[in-house]
Structure formats: structure tokens, C-alpha cells
Amino acid sequence: MELYSDIISPPCQNVLLVAKKLGISLNVKKSDIDDAADVAALTKLNPQHTIPTLVDDGHVIWESYAIAIYLVENYGQNDMLYPKDPKVRSVVNQRLFFDIGTLYKNVLACIDAKIEEQRVPEKLHGKLQQALELTEKFVTERSFIAADHLTLADIFVLGSITALEWIKYDLERYPGIRAWVKKVSAEFPVYDDFYKSIREGTKKYITSHGLDLEY
């Protein structure tokens with residue numbers, strides 16, 4: 001099973017963590033979407049040439065949420081990460097949709113603004129704050145963000161929160177989020193090394209692209 005990926009990308013991080021939790025061994029092919037050759041290779045598999053892109057015995061899937069659900073439904077020993085119970089799954093789905101449409105969307109907008117303008121406009125900052133306030137509420141309602149155990153929603157929202165380091169966002173005012181991050185990361189014995197790889201890869205990217213960012 002091949003995964004076209006780059007560790008600095010939160011969507012790629014999410015899929016990699018899902019695979020780790022499921023005990024799936026992936027043949028990771030590092031792909032740089034700024035590199036013409038890598039984009040050309042990706043386009044042959046995925047017309048949107050986005051990462052992550054998964055190839056499983058000739059079956060090609062892209063979009064991290066779709067990949068994660070595919071992996072759980074096809075290779076999971078149980079349904080804990082993506083529960084089959086309609087009510088529980090509806091909460092997991094809501095949190096996933098919240099992540100892609102609100103939280104990660106605003107995190108990414110702030111990162112883009114910081115890169116392009118060297119600052120985060122007040123309007124974007126306000127939208128991010130609203131998203132984080134909702135996240136704080138979600139992670140304090142239950143043991144985890146969508147259930148009483150780890151689900152895909154925790155993994156994806158963790159990726160979004162970790163990405164805040166691109167803009168050095170201070171989470172001091174969100175004790176629930178900070179406690180939840182520790183709880184979720186503790187679910188992965190290899191998380192410290194995984195996080196180190198994220199940091200190293202991101203620093204290398206920032207340096208190689210000449211970005212004016214403190215990270």
C-alpha cells in the first residue's frame with residue numbers, strides 16, 4: 001500500500017496516524033506539491049494532484065478524510081475509530097465536518113496570511129478564535145472530542161491544532177484543548193518521534209522556501 005505524502009501536511013499527518021493506530025505498514029512516497037516532477041507523477045494517479053493520495057492494490061483514493069475512513073472500514077479490527085452506531089457516528093461525522101469546514105479552514109487561512117502578509121488580519125484571527133472556542137467546548141463535553149474513546153475526529157482535530165505552531169498561536173486560554181492534546185497524543189506510543197519528524201520537516205520547508213516565519 002503506497003501513500004504519497006509529506007509529513008509537514010496536517011492531512012498527511014492524520015492519515016499516517018490512522019495507519020499507525022491500525023497497525024498498517026505504508027510505503028510512504030514523499031511528494032512535494034511545489035515540485036513539477038512530483039506533481040506530474042501525482043496527476044497520473046489523482047487529477048487534483050493533492051496529497052495525501054493512497055494506492056491500495058491499484059485502487060486510488062485521495063482526500064484525507066476519505067482515506068482514513070477507507071482504512072478503518074477495510075483494515076480495522078473493530079469500529080472504535082469510526083463507530084458503526086448511528087448516533088455515535090453522527091457525532092464523529094459532525095466533528096470531522098467541523099474540522100474541514102471551520103477549524104482547519106481557519107487555521108490554514110491564518111497560516112497563508114502569515115506567509116503572504118507576515119501577519120494575521122484581525123478578521124481571520126477572530127474567526128480562528130471562534131473555532132477554537134467551539135473546539136474547547138467539544139473536548140470538554142466528553143472524554144474525547146466525539147465519544148468516550150479515541151475516534152477519527154480526535155486524530156484530525158489534533159492535526160489542525162498542531163498546525164497552529166506555524167503561526168505560534170498561544171493556547172494558554174484553552175486549558176481543555178491543551179489537556180485533550182496530551183490525552184490524544186498519549187494514545188500513540190510513537191507520537192514523540194512522529195511530532196519530532198513534523199517539526200524537523202516543517203523547519204526544513206520554511207528554510208528551503210525562504211519563508212519569513214518563526215517556528
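The values are calculated or read from the model by the stated rules, or taken from the named source; none is laboratory data. In this text, all values refer to a predicted model and were calculated from it rather than measured experimentally. We place every Cβ from the backbone using ideal geometry, glycine too, and count neighbours over all the protein chains shown. Accessible surface is based on the protein model in full, side chains and every heavy atom, while ligands, DNA and RNA are left aside. Shrake-Rupley method; radii C 1.70, N 1.55, O 1.52, S 1.80 Å.
Please give the solvent-accessible surface of Ser160 in Å², to the nearest 10, using a probe radius of 1.4 Å with every protein chain present.
Surface open to solvent at Ser160 totals about 0 Å².
If we count every other residue with Cβ under 15 angstrom of Phe98's Cβ, Lys/Arg +1 and Asp/Glu -1, where does the sum land?
Summing Lys/Arg as +1 and Asp/Glu as -1 gives +1.
Using amide H atoms built in the peptide plane, which far-off residues or other-chain residues are under 5 Å from Ser31 H to H?
Ser5, Asp6
What figure, in Å² to the nearest 10, do you get for the accessible area of Val88 with a 1.4 Å probe and non-protein molecules left out?
50
Quick check: from the Cα gyration tensor, does region 1-153 come out rounded (a/c under 1.5), prolate or oblate?
In terms of gyration-tensor shape, oblate.
Roll a 1.4 Å probe over the protein chains and send me the accessible area per residue for region 86-209 in Å².
Using a 1.4 Å probe on heavy atoms only, each residue of region 86-209 averages 51 Å².
Just the accessible area for Trp62, please: 1.4 Å probe, Å², rounded to the nearest 10?
70
Under 10 Å, Cα contacts only: if you run a Gaussian network model on the chain, which one of Val92, Val60, Val181 comes out with the highest mean-square fluctuation?
Of Val92, Val60, Val181, the most mobile in the Gaussian network model is Val60.
Ignoring any ligand, DNA or RNA, what whole percent of the accessible area of the chain comes from carbon and sulfur when the probe is 1.4 angstrom?
Looking at the chain in its full context, I get 51 percent from C and S.
Going out from 0 in 5 Å bins, what whole percent of all Cα-Cα distances in region 84-215 drops into each bin?
2, 10, 19, 21, 19, 15, 8, 3, 1, 0
How would Asp35, Asp57 line up by accessible area, probe 1.4 Å, largest first?
The most accessible residue leads, giving Asp57, Asp35.
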